[in-house]
1. Please state the charge dipole magnitude for the stretch 229-327, taken about the Cα centre, from unit charges on C-beta atoms (+1 on K and R, -1 on D and E), reported in debye and rounded to the nearest 20.
2. Please give the peptides 425-437, 306-318, 101-113 ranked by average Cβ packing (other Cβ atoms within 10 Å per residue), highest first, as a rough proxy for protection.
3. Scan around residue 99 for amide H atoms under 5 Å from its own, H built in the peptide plane at 1.01 Å from N, and keep only partners 5 or more places away or cross-chain.
4. Enumerate the amide H contacts of residue 179 below 5 Å, restricted to partners 5 or more residues apart or on another chain; note that Pro and chain-start residues carry no placed amide H.
5. Need the full-extension length gain, residue 211 to residue 465, defined as separation in residues times 0.36 nm minus the C-alpha distance. One decimal, nm.
6. What is the packing order of peptides 235-241, 380-386, taking the mean over residues of other C-beta atoms within 10 Å and listing the highest first?
7. Using packing as a proxy for protection, rank 10-18, 356-364 so that the peptide with the highest average count of other Cβ atoms within 10 Å comes first.
8. List the lysines whose Cα sits under 25 Å from the Cα of residue 430, skipping any in the same chain fewer than 8 residues away.
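What follows is calculated from the coordinates using simple rules that are stated; it is not laboratory data. This is a predicted model, so every value here is computed, not measured. Don't worry about glycine lacking a Cβ; one is built from the backbone with ideal geometry, like all the others, and counts go over all protein chains shown.
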Amino acid sequence: MLSRSSFTGLAIGLFAVYLAHTCWVMYGIVCTRACPAAAEDGTAEAGGCVWPYLARRPKLQLSVYTTTRSSISAESNISLVLNVEDFDIESKFERTVNISVPKKTRDNGTLYAYVFLHHAGILPWHDGKQVHVVSPLTTYMVPKPEEINLLTGESATQQIEAEKQTNALEEPVSHWRSRLTLNVMVEDFVFDGSSLPADVHRYMKMVQVGKTVHYLPILFIDQLSNRVKDLMIINRSTTELPLTVSYDKISLGKLRFWIHMQEAVYSLQQFGFSEKDADEVKGIFVDTNLYFLALTFFVAAFHLLFDFLAFKNDISFWKRKRNMIGMSSKAVLWRCFSTVVIFLFLLDEQTSLLVLIPAGIGAVIELWKVKKALKMTVKWRGLRPKIQFGKSSDCEKKTEEYDTQAMKYLSYLLYPLCIGGAGYSLLNVKYKSWYSWLINSFVNGVYAFGFLFMLPQLFVNYKMKSVAHLPWKAFTYKAFNTFIDDIFAFIITMPTSHRLACFRDDVVFLVYLYQRWLYPVDKSRMNEYGESYKEKPAKMAHRE
């Protein structure tokens with residue numbers, strides 16, 4: 001069996017290997033190997049190389065068509081919506097056009113955009129060297145339920161939207177993607193024909209020009225730019241909708257990176273992530289500077305490591321915990337209650353799974369710690385469970401006395417604030433249901449005044465003049481994660497109250513650090529496992 005230190009070392013070692021492997025893969029994506037023959041020869045006759053057709057500087061034209069069919073075979077099936085005759089691949093542009101919405105699309109159908117890059121003055125289906133990409137302009141989502149005033153039962157748009165809400169809340173409906181982002185890889189990069197990157201190869205179209213092989217311009221649609229916030233519900237009465245077409249050049253390294261990120265987002269949806277969950281991941285890539293994104297990756301990796309080590313040490317601490325001396329049982333109960341409430345709140349707000357899953361795991365662990373703290377045992381008599389509580393020692397009763405004293409003072413301040421906040425929100429804020437109001441009232445109390453429930457443990461520490469009974473290893477890892485959460489609070493979409501709570505936890509931990517400095521560990525005092533540092537371990541009898 002591995003010792004705890006060996007297990008931690010193994011976890012850190014595996015993490016280091018994973019980080020190094022990821023950096024090597026990212027380097028291989030960003031830095032593509034060029035054709036060595038072209039570097040030596042420098043001419044288009046270099047064998048085995050695939051040359052860029054754009055190096056010939058052809059005069060190009062960009063055309064965007066719409067159709068209700070996923071594949072086209074004739075000109076009569078499509079409608080031209082945008083035509084850029086003198087298309088400059090180096091120049092960035094953005095144009096908004098009005099799209100006529102067919103009846104089939106208004107009846108919960110799909111509309112596709114066909115984007116052609118072809119020689120100027122030639123229709124795309126008559127050009128043998130044209131390239132094109134296809135993207136749906138619609139997607140299916142369940143509309144968000146409308147929020148109402150729970151006392152009056154009315155909302156600003158309830159009278160107008162009542163009929164639509166009745167039909168739309170149960171099933172997904174067509175939503176319009178109002179943005180179409182295009183890119184063309186503009187580098188005159190010469191590929192090695194024997195080792196073409198698999199990610200880019202799918203987007204390449206080869207042609208023979210003389211004695212050499214060329215690849216046509218690589219046209220790419222940036223699906224990561226399609227955000228949920230830009231979606232518009234398509235009504236039966238809608239005849240026209242705006243579409244913003246934007247173009248920008250892209251480097252080979254960024255193109256390959258973007259292809260891998262799109263595949264990663266698609267894989268998340270295949271594993272059951274909703275469109276909204278995938279949108280949170282898109283926001284990390286699209287709304288973040290590329291260098292800051294690289295920093296975010298490393299920060300996220302360390303967050304994962306500290307999460308694992310914090311859970312591991314927290315479980316190890318409570319698994320070996322023999323008594324509750326010096327530990328505030330009410331603080332444990334409050335942590336459990338607040339963690340469960342926060343999880344239900346995030347679930348009600350349909351928060352990203354990136355935030356929801358760790359919150360759910362934390363709630364399960366807190367429930368288990370309550371069982372340990374209260375010394376609960378469950379005995380079954382047939383199908384009826386019977387819960388029994390263990391007895392407390394004199395030292396534990398003394399700790400409980402300090403704990404009760406601290407809670408008494410806190411209740412004078414906490415309860416009026418929570419009740420007043422719940423009443424104010426009921427009168428002035430709109431909610432989807434009474435359950436939503438109840439969860440929001442609880443979670444607002446947790447976020448706004450939850451740090452007050454940390455005070456009983458601080459009060460117990462003050463009375464006992466000791467912090468040796470606290471799980472400091474788990475605290476340290478959680479503190480690192482708290483500071484990392486401060487960074488993620490500005491990157492991942494989450495409720496504002498949850499974002500503010502990240503900064504509140506920083507203050508609480510700093511107070512704990514101050515107490516650790518104020519009350520040095522007494523080596524003769526029993527630690528959290530009922531052991532003394534000055535006790536010498538019993539030696540095994542040696543056989544001659």
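1. The calculation lands at about 660 debye.
2. Numbers: 425-437: 14.1, 306-318: 18.3, 101-113: 16.7.
Ranking, from highest mean packing down: 306-318, 101-113, 425-437.
3. Here 241, 243 satisfy the definition.
4. Close amide H contacts, sequence-distant or interchain: 244.
5. Fully extending the segment from residue 211 to residue 465 adds 82.9 nm.
6. Details: 235-241: 11.9, 380-386: 7.1.
Peptide ranking by packing, descending: 235-241, 380-386.
7. Working: 10-18: 12.1, 356-364: 16.0.
So the order, starting with the most tightly packed, is 356-364, 10-18.
8. Counting by Cα, and skipping residues close in sequence, residue 430 has these lysines nearby: 144, 164, 229, 276.
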